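Peer 1: I have a structure here, written as structure tokens, and I will follow up with some questions on it.
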Amino acid sequence: MREIKFRVWDKESKYFLEGDIIRDCIIGKFIDNPEREVMQYTCLKDKNGKEIYEGDIVKVSGHPFVVDGKYKVYYNEHMELSCGSYHMFRMKNWAEVIGNIYENPELLKN
């Protein structure tokens with residue numbers, strides 16, 4: 001069964017709301033709030049076993065067919081979980097979560 005979890009970035013306070021505080025609240029309260037960004041758990045873990053969420057930044061290295069680099073995790077226009085222009089499911093064994101787009105946006109700059 002798919003595990004459904006969320007984390008929420010508070011734009012004003014610049015911190016994540018996670019865990020029990022999210023479970024105990026109605027997620028719609030966060031979705032409708034322009035000061036908060038909701039990110040869903042992808043049900044994938046990186047090569048170290050760390051959970052991967054939308055908005056995470058992963059470092060991919062050692063994949064035989066993909067250029068090593070840092071990529072944002074997101075859902076594309078076809079609702080496919082992506083990492084750069086690649087399918088995240090295919091990258092997970094070579095990916096390592098190194099940050100996220102809110103706390104570490106500089107990681108995506110070349």
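Just so it is clear, none of the values below were taken in a lab; they were calculated from the coordinates. No experiment lies behind these values; they were computed from the predicted model shown. Using ideal geometry, Cβ is built from the backbone for each residue, glycine included, and neighbour counts are taken over all protein chains shown.
Peer 1: Describe numerically, in nm with one decimal, the distance between label points set 7 Å from Cα along Cα→Cβ at Asn76 and at Asn93.
Peer 2: A separation of 2.1 nm, rounded to one decimal place.
Peer 1: For the range 55-110, just say rounded, prolate or oblate: build the C-alpha gyration tensor, square-root its eigenvalues into a ≥ b ≥ c, call rounded for a/c under 1.5, and beyond that prolate if a/b exceeds b/c, oblate if not.
Peer 2: oblate
Peer 1: Let me ask something else. Using θ = phi - 60° and the Karplus curve 6.51 cos²θ - 1.76 cosθ + 1.60, what whole-Hz ³J(HN,Hα) does each residue of the range 100-109 get, with Gly and Pro shown as x?
Peer 2: 8, 5, 8, 8, 9, x, 5, 5, 8, 7
Peer 1: Which residues does the label zone of Arg36 cover in the range 1-20, counting backbone N under 14 Å from a point 7 Å along Cα→Cβ?
Peer 2: Within reach of a label on Arg36: 6-20.
Peer 1: Please say if the range 6-108 is rounded, prolate or oblate, where rounded means a/c under 1.5 for a ≥ b ≥ c the square roots of the C-alpha gyration tensor eigenvalues, and otherwise the choice is prolate for a/b larger than b/c and oblate otherwise?
Peer 2: The shape class here is prolate.
Peer 1: Taking loop as defined by DSSP and a crowding limit of 16 other beta carbons within 10 Å, which chymotrypsin sites (Phe, Trp or Tyr not before Pro) in the range 47-90 fit?
Peer 2: Filter output for the range 47-90: Phe65.
Peer 1: Right, next: Which of the lysines could a cross-linker span from Lys92 if the Cα-Cα distance has to be under 25 Å and same-chain partners fewer than 8 positions apart are dropped?
Peer 2: Lys5, Lys45, Lys47, Lys50, Lys59, Lys70, Lys72, Lys109
Peer 1: Still on this model: Stretch Leu107-Ser61 to full length: gain in nm at 0.36 nm per residue minus the Cα-Cα span?
Peer 2: Length gained between Leu107 and Ser61: 15.1 nm.
Peer 1: How about the range 29-110: which trypsin sites (Lys or Arg not before Pro) there lie in a loop by DSSP and see at most 10 other Cβ atoms within 10 Å?
Peer 2: Taking the range 29-110 and a limit of 10 other Cβ atoms within 10 Å, the loop trypsin sites (Lys or Arg not before Pro) found are Lys109.
Peer 1: DSSP loop GluC sites (Glu not before Pro) in the range 46-93 with at most 10 other Cβ atoms within 10 Å of their Cβ, which ones?
Peer 2: Glu77
Peer 1: Using Cβ contacts closer than 10 Å as the measure, can you line up Leu108, Leu81 from fewest to most?
Peer 2: Leu108, Leu81
Peer 1: Cut-off under 20 Å on the C-alpha distance; same-chain residues fewer than 8 positions from Lys29 excluded. Which aspartates and glutamates are left, in chain and number order?
Peer 2: Within reach: Asp10, Glu12, Glu18, Asp20, Glu37, Glu54.
Peer 1: If you rank Met79, Met39, Met88 by fewest surrounding Cβ atoms within 10 Å, what's the result?
Peer 2: Met79, Met39, Met88
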